[in-house]
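What follows is a short report on a single structure.
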Amino acid sequence: MCGGIAPSVTLALNARVAQMRAEGMQVISMGAGEPDFDTPAHIRQAAQKALDSGKTRYTAVPGIPELRSAVAAYLKRVNGLDYESNQVILCTGAKQALVGALQAILDEGDEVILPQPCWVSYPEMVRMAGGVSVPVYTTMEQGFVPTYEQLKAAVTGRTKAIIINSPSNPTGAVWTREQLAAAAKLAQEYDFYIISDEIYDKLVFAGAEHVSVPSLSRDAYARTILINGFSKSYAMTGWRIGYAAGPRAVIDAMSAYQSHATGNPSSVSQYAALAALEGDQACVDTMVQAFARRRELMVSLARDIAGISFFEPKGAFYILLNVSKLMGKRVNGRVLENSDDFSQALLESQQVAVVPGEAFGADRCCRLSYAIEDGQIVEALTRIKAFVESII
C-alpha cells in the first residue's frame, strides 16, 4: 500500500531547488508554502522559557489544557464559535489534524468530495484513510468555487465528507458566505461532514471576508471539523503545531488515533503556540500587510506578461497562472505538453521554480507563491516574462 502513495510535489520541488543552489545556481523559488518571516520574538522567548523550566515531557495526547482553552477562546473571539476545550485537539501541524480527522470519520470506500484545484495532499490523505476522492472541477471563470449543482452531482450514497479550503491553496480563492452556505445546506440534506481547512484565515485581501464554516448555522457547527494552525499566521511552519475543533465524538476519535500515531505534539511548540494566541497580535498584522503589498506587486507584474492569464487571488499567498496558450510551443527541442513541462523548462532556462498545476488538479496552470521578498518577486516575474516572450 505504501508504495502507491504519491510523494508531495512541492517538497520534491524544494529538494530540487536546494540541489541547484548547492551547485551555485541563483534560483528563485516561488514554490514555498510558508512565510519568509522569522517566528516573532515573544513566541521564541516563550519556547525558551518552556525549555528552561523543564516543560519537555509528554503532555496529554490532545494537548495541554491551557492551550486547548486558549484555542477555544480564540475561536470564540474571532469567529463567534462556542467550543468547550474538550472539543479541541492539538496536533503535529494542521496536516496531522487533517489526517486524524479523515482517519476518524472514514470507513473503507467512503467518498470525500474535493473541489479542484486543491492542495496536493488532500487526495493522498483520503486514500491513506481508505477513502475515495471525488473531484469536482472548477474553472478560473467561476472563481475556482464550485456551484451547488456541481457539488450535488458529486454526492452519492457513500459520501462521507467534503473538504473546503478557504482561502484556498493553490488558487487564492475565498468562498463567499453564500457559497459556503450552499455547501453546508447540501451537507445537511445528505448528512455528511464538512472538513473546513482554515489555515489561511488571516490572509484575506481586496475586500474579501473570511467566513468560518461552523459559524454559518447550528447544523453547520454540528457537522464541521475545523482545521487550523499556527504555521501561516505566526510564521511557525517548523514548529509543527496545528489543531482541530469539532464534534466531541470526532475529537475523541482523533485523540485515540493520535495516541497510537504520534502521541502529543511537541510540548515546547505547545507553549510557543500559547504565547502566539495570547500575546501581541501586531506581528500578524505586519505580516498580513506585507503579503497584501506583495500580492498587489505580483498581480501588477503578471498582468504585463502576454500569453498567460491568471486568477486574481483574494487570499492565502499564491497566484495560479494559466499557461495553456503556451502548450505545443517548443523549448530547447522539447514540446510543452503540460504544466510540468513548462515548470521544468522555466527552471532550466531562467532558474525560477514554480509548482506545476497537475498536482493540484489544474494541469494547464502553475502555482506561484508570493511569500518571498519584494525584490525577488520583481526579478522572478521579469525572468518569467522573458521566458514566455521567447517562445510565443
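Every number here is computed from the coordinates shown, using simple stated rules; none is lab data. In this text the structure is predicted, and so the values were computed from the model without any measurement. Heads up, the Cβs are rebuilt from the backbone with ideal geometry, glycines too, and the neighbour counts pull from every protein chain shown.
Across the chain, the longest piece that holds none of the GluC sites (Glu not before Pro) lying in DSSP loops with up to 14 other C-beta atoms within 10 Å covers 210-336.
Mind pulling the angle between the C-alpha long axis of helix 9-22 and the longest principal axis of the chain? Nearest 10 degrees, somewhere in 0 to 90. Approximately 60 degrees, to the nearest ten. Here the spin labels are modelled as points 7 Å beyond Cα on the Cα-Cβ line, and at E337 and T147 they lie 3.4 nm apart. Summing charges over all other residues whose Cβ lies under 14 Å from the Cβ of I308, with Lys and Arg as +1 and Asp and Glu as -1, gives +4. Compute the angle between helix 93-105 and the longest alpha-carbon principal axis of the chain, please, reported from 0 to 90 degrees and rounded to the nearest 10. Taking the Cα atoms of the chain, the angle to 93-105 is about 60 degrees. Working from label points 7 Å from Cα in the Cα-to-Cβ sense, the I5 to T139 distance is 3.7 nm. Full extension of the segment from E23 to R218, taken as 0.36 nm per residue of separation minus the current Cα-Cα distance, would add 64.6 nm.
A Cβ-based charge dipole, computed about the Cα centre of the chain with Lys and Arg at +1 and Asp and Glu at -1, lands at about 240 debye. Taking a ≥ b ≥ c as the square roots of the eigenvalues of the alpha carbon gyration tensor, region 194-273 is oblate, as a/c is not under 1.5 and a/b does not beat b/c. Looking at the square roots a ≥ b ≥ c of the eigenvalues of the Cα gyration tensor of region 321-392, which shape do they give, rounded for a/c under 1.5, prolate if a/b is larger than b/c, or oblate? In terms of gyration-tensor shape, oblate. The length gained on full extension between R44 and Y190, counted as 0.36 nm times the residue separation minus their Cα-Cα distance, comes to 48.0 nm. Distance between the 7 Å Cα→Cβ label points at S309 and E84: 5.2 nm. Remark: the Cα gyration tensor places region 73-145 in the oblate category, a/c being 1.5 or greater and a/b not exceeding b/c. Each residue of region 168-180 was assigned a 3J(HN,Hα) from its phi angle through the Karplus curve 6.51 cos²θ - 1.76 cosθ + 1.60 (θ = phi - 60°); the sequence is 9, 9, x, 8, x, 6, 10, 5, 6, 4, 5, 5, 5 Hz, with glycine and proline shown as x. For L114, the residues whose amide H sits under 5 Å from its own are V134, V136, ignoring neighbours fewer than 5 places away on the same chain, with H placed 1.01 Å from N. Bridging of K185 to lysines at a Cα separation below 18 Å is possible for K152, K160, once same-chain residues fewer than 8 apart are set aside. Distant-in-sequence amide contacts of F311, defined by a placed amide H-H separation under 5 Å and a gap of 5 or more residues or a different chain, comprise L320, N322. Within the shell of other residues whose beta carbon sits under 9 angstrom from the beta carbon of A184, the net charge comes to +1, with Lys and Arg scored +1 and Asp and Glu -1. Where the centroid of each part is defined by its Cα atoms, how far is region 56-89 from region 95-173 in Å? What the calculation gives is 26 Å, centre to centre. Other residues within the sphere of radius under 11 Å centred on the Cβ of G131, judged by their own Cβ, net out at -2 (K and R +1, D and E -1).
Phi-derived couplings, Karplus 6.51 cos²θ - 1.76 cosθ + 1.60 at θ = phi - 60°, listed residue by residue for region 304-319: 8, 9, 6, x, 10, 10, 7, 8, 6, x, 10, x, 6, 9, 10, 9 Hz, with x used for Gly and Pro.
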